[in-house]
1. Say the cut-off is 28 Å between C-alpha atoms; which of Lys229/Lys285; Lys15/Lys275; Lys188/Lys229; Lys54/Lys196; Lys249/Lys331; Lys311/Lys334 go over it?
2. What's the whole-number percent of alpha carbon pairs in segment 114-229 lying beyond 16 angstrom?
3. Please list Ser242, Ser4 in order of solvent-accessible area, largest first, computed with a 1.4 Å probe with all protein chains present.
4. Just order 7-18, 97-108 by mean Cβ neighbour count inside 10 Å, highest at the front, would you?
5. For the chain, what is the calculated [θ] at 222 nm in deg cm²/dmol (nearest 500), taking -39500 (n - 2.57) for each run of four or more DSSP H residues and dividing by its residue count?
6. Note down the accessible area of Asp179, probe 1.4 Å, to the nearest 10 Å².
7. Could you sort Leu237, Leu184 by their accessible area in this structure, using a 1.4 Å probe and putting the largest first?
8. Out of [x] 34, 22, 20; [y] 40, 23, 20; [z] 38, 31, 16, which label holds the value of semi-axes √(5λ) of the Cα gyration tensor in Å that was computed here?
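The values are calculated or read from the model by the stated rules, or taken from the named source; none is laboratory data. Remember, predicted model here, so these are calculated numbers, not experimental data. Virtual Cβ from ideal backbone geometry, glycine too; neighbours counted across all protein chains shown. What goes into the accessible areas is simple: the full protein's heavy atoms, side chains included, and nothing from ligands, DNA or RNA. Shrake-Rupley method; radii C 1.70, N 1.55, O 1.52, S 1.80 Å.
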Amino acid sequence: MSFSVAIVGLPNVGKSTLFNALLQKQAALAANYPFATIEPNVGVVPVPDNNLIKLAEIVNTNRIIPSTVEFVDIAGLVKGASTGAGLGNKFLANVRETSIIAHVIRLFNDDNIIKEGSVDPVEDYQTIELELQLADLATLEKQTEPKGKKMPLEILRWQIIERWRTALNNGYSLRKVIDTDEELTLAKELSLLTAKAEIVVANVGDVDLTQAQEIKKNLAAQLNISPDKIIIISAKLEEELSSLSSNEKIEFLAEYGQSDVGLDAFIKLAYRTLKLQSFYTAGEKEVKAWTIPVGTTAQQAAGVIHTDFAKHFINAQVVDLNDFLSYKGWKTTKENGKVRQEGRDYQMQENDVVEFMVGK
């Protein structure tokens, strides 16, 4: 399954610096001029998960495989992108191929780095959001009203499209007006940009990290979005941290009054925004976190491991992670009645540890 996050924003807001930090190497060209990134850079990033280490210790394995999220560093969008300005058509096409949007806005001050757009980060956000809205409006304008004898589903589809056109013309992004799963399916079918869930990444200077909560609160009010969808981060600081050992990171962060790596919070938020969760398999061969959408059944989860597992599914032996850790493995969790047998329609839960029973 492919789950990807588009890192978007105006030129020189720190997108490629953030991407480099995510990959813990100089994977993208972070240059001091617009359009340093032309082709999108793609990186698969592990989801931070300390439970994997604990599980590995219990089952005595050195092989650990985490869940991952794909991040795509999109070249800087500019005003007029929806009509092709600054290679906008190409860049917007790259965004269409991703699952959610991480919108980077610049709050740091650096006279040595060219500033594209206004001096107001809220206005910068609105500039990009407007271009995405205009691109969606252009897509919807290409849709035609059904003629002749109309089927009920055709009528409903057209009513939805007309409602969306009105919303976009009134300055509303579609994520704020989509009400049903059917509408979300149609939005995906049409590759509508503003229907994608979003995260706002406020790229601040390192000295501003001490004011992170206040900055988040103010931004949430100005942008009219939930504070839970905002990450305050210093991309430059995170890039510097990426080359340090764990102990060095702790010491370095302490100098800025921080206890956690901002990238970890960003990756985890992206994972949640994608509506993903993990389940674990744990044995002597390896410990692995498997990525599935929330609501996945046991049979579907088995198919993520191998398609034959879904075809020949018998049941799932499931134990809660905390019980698995407390009782130190499969043998004692079974002896203490902590392992459940679940059928094909069981909805997988976050932190399930599983063994799938399959036939021949």
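1. Lys229/Lys285; Lys54/Lys196; Lys249/Lys331
2. Of all Cα-Cα distances in segment 114-229, 66 percent exceed 16 Å.
3. Ser242, Ser4
4. Highest mean packing first, the order is 7-18, 97-108.
5. Mean residue ellipticity, 222 nm, calculated: -11500 deg cm²/dmol.
6. We get 120 Å² for Asp179.
7. Reading off the accessible areas and sorting them downward yields Leu184, Leu237.
8. The value computed from this structure is option [z].
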